[in-house]
Structures are given as C-alpha cells and as structure tokens.
Amino acid sequence: MNPDRIKSIRNNMILVSILLLIVGVAFIAWPGEAAKILARVVAIAIAVFGAFELILFFIGSRRSFVDVSAAVTGVLLTALGVFLLIRPDTLLNFFNIIFGIAIIIVGLDHIFQSIFIIRHIRGLWWISLLVGIAALLLGVIIIINPFSAVNTAMILIGITMVIEAVGGLWNLTALKPKPAFIKTDIDSAKPVNSGDEDLNA
C-alpha cells in the first residue's frame, strides 16, 4: 500500500472521527438544544439554497422552462426554509429517519474499513467490524422504532456517534503498512571469488 494513500486515509479517518465525537458528545450533553440548533441550521441551509436559485434566475439572461422551474423551486425552498426556521419542531420529527440513515451509512463504512484492514494492514480488524454491525443495528432501530421524546432519540444518536468515533480512532492505531519482506534467492546469488582463487587463476 502506498504510504501517501495510507496517510490520506488516516487524515480522513481522523477528521470524521473527531467530528462524530464532538457532535455525539453535544447530542448526549445537550440533546434538546442540539436538536433545535441543528434544525435551525438545516432550515437556514434550505432557505439559502432556495434564495441562491432565485438570484441565479434574476441575474440570468435566459428564461427557458428549466430556468423558470428552477426559480419556482427556489421560491418553494425559500418558503420551506423560513417555515422550518419558525417551526423547527416540524423538522425534528424527521430527525430519527435522517440520522438513522446516516448512522447506517457510517456503519457500512466501518465494515468496509475492517475489510481494508484485513487486506492491507496489521490490526484487530474485528473491532471495526463489530462497531460497524452495532451502528447498523442502532440505525435500523432508530428508523423503525422512533422515540416519542426527541431528547431520548438525540441521546441514542449521540451515543452511536461516540461509539463510531471511538471505533474510527481505534482503526488509526491499526493503520500501519505491513512490513515488506525481502526475498533472497540463494541459488541465483553470484559467488564472490576469494583472493586465493584469483591467484590460482
């Protein structure tokens, strides 16, 4: 495995693990506040994207069907973002599904990491596999069994994120290239003539 490739993978794993750890701890410590802040951030992002589509429509010179439909989409997204910003509790009802899918994706990534460790790296690959399976199960539970209390769901999501972050950081300890073994073919080695043999010649 190319050392530069391993370094790139390590950097990506460090970044993702730190982000998961920070967000997970925030969800556990302040579940209600974290959920509201996240809902507002999502609402603002939707509104900004819609406004951006409208700006592109008004500064553009063409007025084709595609441009008009993009402008209509921009109006709808802007209105939706403003509505969700005023009523963030509406968006909170969908957080279970959104985060459940995200956790399942991260769990699959951990399973792929365990396969990568088996093929290229020395390490306890089964730890990453267990973390991935646990994340998959928790993600499915969050989706199919939504909790009535948002705080409970956010705490469970936070715990899952912390577990995934710890699993990712553990994989970093195993992310070392296998030592290269130099094979020597004794039969093909050229004999070195001694000084006596040179004199006899």
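So, of the residues in the range 32-77 that are among the polar types (S, T, N, Q) and not in a loop (DSSP other than H, G, I, E, B), which turns out to be nearest to Phe94 (Cα to Cα)?
The residue in question is Thr73.
Do any helices (runs of 4 or more DSSP H) entirely within the range 83-201 hold 3 or more residues that are surrounded by 13 or more Cβ atoms within 10 Å (Cβ to Cβ) and at pLDDT below 60, and if so, which?
The helices (runs of 4 or more DSSP H) meeting that bar number zero.
Any residue at all in the range 1-13 that is surrounded by fewer than 17 Cβ atoms within 10 Å (Cβ to Cβ), under 25 Å from the mean Cα position of the chain (by Cα) and not in a helix (DSSP H, G or I)?
Yes: one or more hits.
When only residues in the range 17-66 that are surrounded by 15 or more Cβ atoms within 10 Å (Cβ to Cβ) and free of Cβ contacts under 8 Å to residues at least 24 places away in the same chain count, which is nearest to Phe99 (Cα to Cα)?
Trp30
The values are calculated or read from the model by the stated rules, or taken from the named source; none is laboratory data. Predicted, not measured: the structure shown is a model, and the values here were computed from it. Every residue, glycine as well, gets a Cβ built from its backbone with ideal geometry; the counts of neighbours run over all protein chains shown.
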